[in-house]
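Here is the structure we will look at.
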């Protein structure tokens, strides 16, 4: 087993890899408050942000309509997404997840297996001595990402058609305006005067006086 320790945002993390190449995740005992003695109660969630507004968990619509998952699995994904934040992983214990989501540990286990089976969750199983814990990384699986991309393509194609229709309507309106108000042509009897440049003086009166 090999391990690589690094410091990220004041926390020491350790990449644990077994001899067969299995990557167990980023974890150290210092980062796991639920493994430390005297911490029986779960760490409270952040309910209010720095601006005083309430915090929210994000549930993608593509996950909301996924018929492969139970409601408990969708709630668990939203909870882990909130706990992960900008970090690479989230590492709450099953007891903490059960307490925060008002479910049982068996429900958490089933829900995490569902998410892992369908690709919505990656579970890093870590063992240090006699203690074991998991780290979680939420993700969007390929089949859900394909749905998102297909909907995006349809939306782009629809917007392009609308732009094309708008441009065609603009051209037709210009043509209609041209038909309604055609260009005025000069009549043959209309007298025209040539413009005398300001740089060249008008010498016509001078030549008339000389001839006389």
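The values are calculated or read from the model by the stated rules, or taken from the named source; none is laboratory data. For clarity, every value in this text was computed on a predicted model and none was experimentally measured. Every residue, glycine among them, receives a Cβ derived from its backbone with ideal geometry; neighbour counts consider all protein chains shown.
Considering region 121-139 alone, what residues qualify as being out of contact with any strand residue (DSSP E or B) (no Cβ under 7 Å at 6 or more places or on another chain) and surrounded by 15 or more Cβ atoms within 10 Å (Cβ to Cβ)?
128 - this is the single residue of region 121-139 that is out of contact with any strand residue (DSSP E or B) (no Cβ under 7 Å at 6 or more places or on another chain) and surrounded by 15 or more Cβ atoms within 10 Å (Cβ to Cβ).
Quick one: which of 89, 70, 61 is closer than 22 Å to residue 117 by Cβ and free of Cβ contacts under 8 Å to residues at least 12 places away in the same chain?
The unique qualifying residue is 61.
Can you name every residue in region 128-150 that is in a loop (DSSP other than H, G, I, E, B) and out of contact with any helix residue (DSSP H, G or I) (no Cβ under 8 Å at 6 or more places or on another chain)?
The answer is 129, 130, 139, 141.
Being over 30 Å from residue 148 (Cα atoms) and modelled with pLDDT of 90 or more narrows it down to one of 73, 90, 27, 99, so name that one.
99
Assigned to a strand (DSSP E or B) and touching a residue at least 60 places away in the same chain (Cβ under 8 Å): is that true of residue 125 in this structure?
In short, yes.
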